Amino acid sequence: MKSHQIILLTLSLVLGQTALAGKSLTIAAAADLRFALDEILDLYRPQHPDAAIEVIYGSSGKMTTQILNGAPYDLFFSADIAFPERLHREGFAVTEPSVYAIGRIVIWSKRQDASNMRLDDLMQPAIRRVAIAQPAHAPYGLRAREALQAGGLWDDIQPKLVFGENIAHAAQMVESEAADVGIIALSLARFPPLAAHGYSVIDDALHEPLTQGYVVTRHGSDNTLARDFARYMMQAEARAVMKRYGFELPANE
């Protein structure tokens, strides 16, 4: 490479980093990402030490409503791509919805060995409370309901069900033993303190796929850091973290 090309390349990299220096980024993220995304941000932040990055975790449905009502999120990682698609369709997103992962649901318990549990086992008398996320606005809760319906258990299990505000809350209910068993995200069950208790993956033929997608919001349209982090999520080190937490990933084009 010629000297002037080296100078131009160096200048380009410096200017790119300067453009991101001092920036702030607010991310709305589905609760199933709580542990994986925290680790990814631990890798990303040292590359942009002057950037202020905040993540708000919650249910995808409620965050969509917040964005529609003007919440200042720059980047939205949803547990169901249908929500980013709605935001894009209604003019609240400036990028096309893109798939970043496919999620899975599992049976998990702190009190019992769930490694060989099936959905039918949830009807055992010893299991008094079963936690799931609220299906009305949490994709992982909706998929849990679909699986229970497919297994012919939904009506009979109603007296046992307790509902978390989002999937992380449902997992917390089981971890605190407020519930005996939960149907939670594989990505949460893979977190080392929870993984010590074992889990059983639910057959994905029993529910619609958890196709997870993201968009840059209208609020983040001029935020270069939002687009930079979205690109980073597709890079090898971020993908390695996602895989470790059990996500299936789209081909990296």
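General remarks:
- Of all the criteria given as (1) under 30 Å from Gln124 (Cβ atoms); (2) acidic (Asp, Glu); (3) in contact with a strand residue (DSSP E or B) (Cβ under 6 Å, 6 or more places away or on another chain), the one not satisfied by Glu165 is (3).
- Search result, residues across segment 86-117 that are of a type in the set (D, E, K, R) and out of contact with any strand residue (DSSP E or B) (no Cβ under 7 Å at 6 or more places or on another chain): Arg86, Arg89, Glu90, Glu96, Lys110, Arg111, Asp113
- Boolean, Gly198 is at positive phi and modelled with pLDDT under 95: yes
- In segment 151-166, residue farthest from the chain's Cα centre (by Cα) [restricted to those that are assigned to a strand (DSSP E or B) and among the hydrophobic types (A, V, I, L, M, F, W, C)]: Leu161
- Which numbered condition Tyr214 misses (of (1) surrounded by fewer than 19 Cβ atoms within 10 Å (Cβ to Cβ); (2) assigned by TED's automatic domain parsing to the domain that holds Val55): (1)
- Tyr100 vs. criteria under 18 Å from the mean Cα position of the chain (by Cα), aromatic (Phe, Trp, Tyr) and over 27 Å from Asp228 (Cβ atoms): no
- Which listed residue, of Leu153, Leu119, Leu148, is surrounded by fewer than 19 Cβ atoms within 10 Å (Cβ to Cβ), among the hydrophobic types (A, V, I, L, M, F, W, C), more than 19 Å from Gln212 (Cα to Cα) and at pLDDT 95 or above: Leu153
- Some residue of segment 81-99 being in the same structural domain as Asn223 (by TED's automatic domain parsing), surrounded by fewer than 18 Cβ atoms within 10 Å (Cβ to Cβ), among the small types (Gly, Ala, Ser) and on the phi > 0 side of the Ramachandran plot: yes
- Residue within segment 167-176 that is under 19 Å from the mean Cα position of the chain (by Cα), outside any helix (DSSP H, G or I) and under 21 Å from Ser115 (Cβ atoms) present: no
- Those residues of segment 100-116 which are in contact with a Phe, Trp or Tyr (Cβ under 9 Å, 6 or more places away or on another chain) and either buried (at least 17 other Cβ atoms within 10 Å of the Cβ) or of a type in the set (A, V, I, L, M, F, W, C) (or both), in sequence order: Tyr100, Ala101, Ile102, Gly103, Arg104, Ile105, Val106, Ile107, Trp108, Ser109, Ala114
- Filter result (surrounded by fewer than 17 Cβ atoms within 10 Å (Cβ to Cβ) and not in a helix (DSSP H, G or I)) within segment 39-52: Pro49, Asp50, Ala52
- In segment 231-238, the count of residues that are assigned to a helix (DSSP H, G or I), crowded, with 16+ Cβ neighbours inside 10 Å and in the same structural domain as Arg128 (by TED's automatic domain parsing) is zero.
- Any hit, segment 106-124, residues being free of Cβ contacts under 8 Å to residues at least 12 places away in the same chain, within 23 Å of Ser176 (Cβ to Cβ) and not in a helix (DSSP H, G or I): yes
- Top-ranked residue in segment 164-180 [being surrounded by fewer than 17 Cβ atoms within 10 Å (Cβ to Cβ) and either of a type outside the set (Asp, Glu) or assigned by TED's automatic domain parsing to the domain that holds Asp32 (or both); ranked as farthest from Ala36 (Cα to Cα)]: Ala178
- Hey, Leu225 assigned to a helix (DSSP H, G or I) and modelled with pLDDT of 95 or more or not: yes
The values are calculated or read from the model by the stated rules, or taken from the named source; none is laboratory data. Just so you know, these numbers come straight off a predicted model, no measurement behind them. Note that each Cβ is placed from the backbone with ideal geometry, even for glycine, and that neighbours are counted across all protein chains shown.
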